[in-house]
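All remarks here apply to the structure that follows.
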Amino acid sequence: MVRRIGPFKVLKDPEKDSLFADDLLHFLKFHSYQLIAVTIDKERHINKYGCHAHDPYDFCLAMLLERYCGFLQFLNSIGDVLSESRGGKEDLHLKKAYRHIYQKGTRHRKDNFFQNVLTSREIKIKPKAANIVGLQVTDLLVYHAKQDMLVERGIIPETRSPFAKSICEIINDKYNRQKYNGQVQGYGKKFI
């Protein structure tokens, strides 16, 4: 989409680009969803903990699942987990990490915390080519959530376009929050 290639080639037309942007922002603003974003500064993490550093992807998965399952438990609900494929080895690693959390829990949560609300002991992984709307929207939101957290912390300079800033303004209202005081940090946003 950013490079305006493939089906997004039509967005090279400024009028179509503007209409698409308006429709997308409207979609993101008025649909009901909760966002949980976990971002890790891999370099700082490895420099701080050295050989004792957690695998960054496993660590982020654990943080994400703890928050997602806490959200589901608060709602007395159940849910599933779907990820976009990253490739053969990476997908196998993700499946193993998910299975470990499901079966053994994390440092902060026991296995039943996850088992009581997740509908499957296996993560579902689909390729980008499957064009699953939820994964496409998630891909868009995750990028902007990460950029927003990095700008907030002064790790990267503010260089976002007006469109990107509009997405960030919208998703700031969509982050999962602590239900009693509205706190976002630690619930909808986690920076490691």
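Details
- Residue 90 vs. criteria closer than 20 Å to residue 58 by Cα, in contact with a Lys or Arg (Cβ under 8 Å, 6 or more places away or on another chain) and not aliphatic (A, V, I, L, M): no
- Matching residues in region 124-150 - criterion: being within 20 Å of residue 60 (Cα to Cα) and either outside the structural domain of residue 82 (by TED's automatic domain parsing) or part of a loop (DSSP other than H, G, I, E, B) (or both): none
- Filtered by the rule that a residue be among the basic types (Lys, Arg) and within 16 Å of the chain's Cα centre (by Cα), region 63-99 gives 67, 86.
- Matching residues in region 151-192 - criterion: being within 17 Å of the chain's Cα centre (by Cα) and part of a loop (DSSP other than H, G, I, E, B): 173, 174, 176, 177, 184, 186, 187, 188, 192
- Those helices (runs of 4 or more DSSP H) of region 11-123 in which at least 2 residues are small (Gly, Ala, Ser) and not assigned by TED's automatic domain parsing to the domain that holds residue 141, considering only elements entirely within it, cover 14-30.
Residue by residue, here is whether (1) of a type in the set (Phe, Trp, Tyr); (2) in contact (Cβ under 8 Å) with a residue 40 or more places away in the chain; (3) at positive phi holds:
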| residue | (1), (2), (3) |
| --- | --- |
| 122 | no, no, no |
| 128 | no, yes, no |
| 132 | no, yes, no |
| 170 | no, yes, no |
| 177 | no, no, no |
| 184 | no, no, no |
| 191 | yes, yes, no |
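- The set of residues in region 117-150 being exposed (fewer than 14 other Cβ atoms within 10 Å of the Cβ), over 30 Å from residue 43 (Cα atoms) and over 16 Å from the mean Cα position of the chain (by Cα) consists of 119, 120, 121, 129, 130, 131.
The values are calculated or read from the model by the stated rules, or taken from the named source; none is laboratory data. The structure presented is a predicted model; accordingly, all values stated were derived computationally and were not measured. In this analysis, Cβ positions are derived from the backbone assuming ideal geometry, glycine residues included, and neighbour counts consider all displayed protein chains.
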